[in-house]
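The values are calculated or read from the model by the stated rules, or taken from the named source; none is laboratory data. Note that this is a predicted model, so its numbers are computed, not measured. Neighbour counts run over all protein chains shown; Cβ positions are idealised from the backbone, glycine included.
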Amino acid sequence: MRTLLILAMRILNMKNSINTKSVVEILHKIKNDDEISIIIGRIDAVRDIYLTTHHSVKANSEFNKEISSFVSRAYSNGLKPAKYLNEKAALAESIWLLDLGYKSEGATGYYAALIDATNPGNDKFGLIIHYLADTIKAIEIRRYTDYLYHSLINPNDADTHIEIVKYLIKKNKSIIPSYIHKRCPSQFIKYYRELIEIDISAENLLKKATLPRQFDF
């Protein structure tokens with residue numbers, strides 16, 4: 001009985017163990033996932049097409065109609081799966097998106113956007129559409145990255161989180177504050193996603209900064 005118990009524990013430990021190779025494979029899948037660029041491309045395409053025929057508004061009712069129309073198109077043509085909104089729901093969604101963070105001089109949210117779009121001489125309707133598109137993209141990217149991380153990394157698997165933290169702190173030693181290296185990796189497991197994002201940003205910067213080995217003078 002004791003032998004069987006020891007064997008079972010060994011099998012369980014083997015199943016739950018994670019090594020550097022496993023961490024690298026997880027990070028590789030996250031870094032090479034192209035769904036985010038697809039999300040951006042779909043919504044940008046809806047925005048660009050919309051702005052070819054919609055340039056400005058003059059009245060409050062016209063503004064409400066235009067932002068509702070754009071958000072409705074962005075959700076039906078830019079999201080996968082598509083989300084369909086009636087006119088009332090599209091207006092409510094548009095107001096909510098603007099209230100999340102649209103800013104102008106002395107005002108924020110929907111009313112700031114309304115003033116910017118309808119005030120003669122401002123002509124900021126295009127900027128408002130860009131803001132709506134960017135906010136929709138940010139929400140969808142966040143939703144997708146949450147799914148991606150949870151599908152690859154069990155949110156309750158502390159051992160995997162610790163191994164990821166250890167690997168990334170060591171890999172990015174030159175750009176991570178020194179006090180972090182002196183502490184136990186388990187203290188930073190709740191920040192493992194932030195460390196992955198730092199690693200991705202560092203690699204992207206390195207790619208941009210890399211010079212060709214040979215120069216023609």
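Of the residues ILE115, ILE153, the single one that is modelled with pLDDT under 95 and closer than 30 Å to GLU194 by Cα is ILE153.
Just one of the numbered conditions (1) loosely packed, with under 14 Cβ neighbours inside 10 Å; (2) in a helix (DSSP H, G or I) is not true of TYR149: (1). When restricted to residues that are under 24 Å from ILE115 (Cβ atoms) and within 20 Å of the chain's Cα centre (by Cα), region 62-93 contains 3. Inspect all residues belonging to region 158-169 and state whether any of them is surrounded by fewer than 11 Cβ atoms within 10 Å (Cβ to Cβ) and part of a helix (DSSP H, G or I). No, that holds for no residue. Restricted to region 55-69, and to residues there that are closer than 16 Å to TYR131 by Cβ and either among the small types (Gly, Ala, Ser) or outside the structural domain of ILE95 (by TED's automatic domain parsing) (or both), the residue that is surrounded by the fewest Cβ atoms within 10 Å (Cβ to Cβ) is SER56. In the condition set (1) without any contact (Cβ under 8 Å) to a residue 40 or more places away in the chain; (2) under 19 Å from GLY41 (Cα atoms), GLY126 is compliant with all but (1).
Evaluation of VAL165 against the conditions (1) assigned by TED's automatic domain parsing to the domain that holds SER72; (2) touching a Leu at 6+ places or on another chain (Cβ under 7 Å) shows that the sole unmet condition is (1).
State whether one or more residues within region 188-199 are outside any helix (DSSP H, G or I) and at pLDDT 85 or above. Spell out how you get there, then give the answer.
Looking only at region 188-199, we keep the residues that are outside any helix (DSSP H, G or I), and these are none.
So far as region 188-199 goes, no, none of its residues is outside any helix (DSSP H, G or I) and at pLDDT 85 or above.
With respect to the conditions (1) of a type in the set (Gly, Ala, Ser); (2) without any contact (Cβ under 8 Å) to a residue 24 or more places away in the chain; (3) surrounded by fewer than 19 Cβ atoms within 10 Å (Cβ to Cβ); (4) in a helix (DSSP H, G or I), SER72 lacks only one, and its number is (3). Close Cβ contacts (under 9 Å, 6 or more residues apart or on different chains) running from residues in region 130-151 that are more than 27 Å from HIS54 (Cβ to Cβ) to residues that are assigned to a helix (DSSP H, G or I) and hydrophobic (A, V, I, L, M, F, W, C) comprise TYR144/ILE36; TYR144/ILE39; THR145/ILE30; THR145/ILE36; LEU148/ILE30; LEU148/ILE36; TYR149/ILE30; TYR149/ILE196. On inspection, ILE136 passes the criterion of being under 30 Å from LYS29 (Cβ atoms), at pLDDT 95 or above and either assigned by TED's automatic domain parsing to the domain that holds GLU194 or in contact with a Phe, Trp or Tyr (Cβ under 8 Å, 6 or more places away or on another chain) (or both). For region 170-187, filtering for residues that are within 19 Å of THR20 (Cα to Cα) and part of a loop (DSSP other than H, G, I, E, B) leaves 3.
Residues in region 141-198 that are basic (Lys, Arg) and under 19 Å from ILE30 (Cβ atoms): ARG142, ARG143, LYS166, LYS170, LYS171, LYS190, ARG193. Residues in region 121-130 that are surrounded by 19 or more Cβ atoms within 10 Å (Cβ to Cβ) and either small (Gly, Ala, Ser) or within 13 Å of GLY109 (Cα to Cα) (or both): 1 in all.
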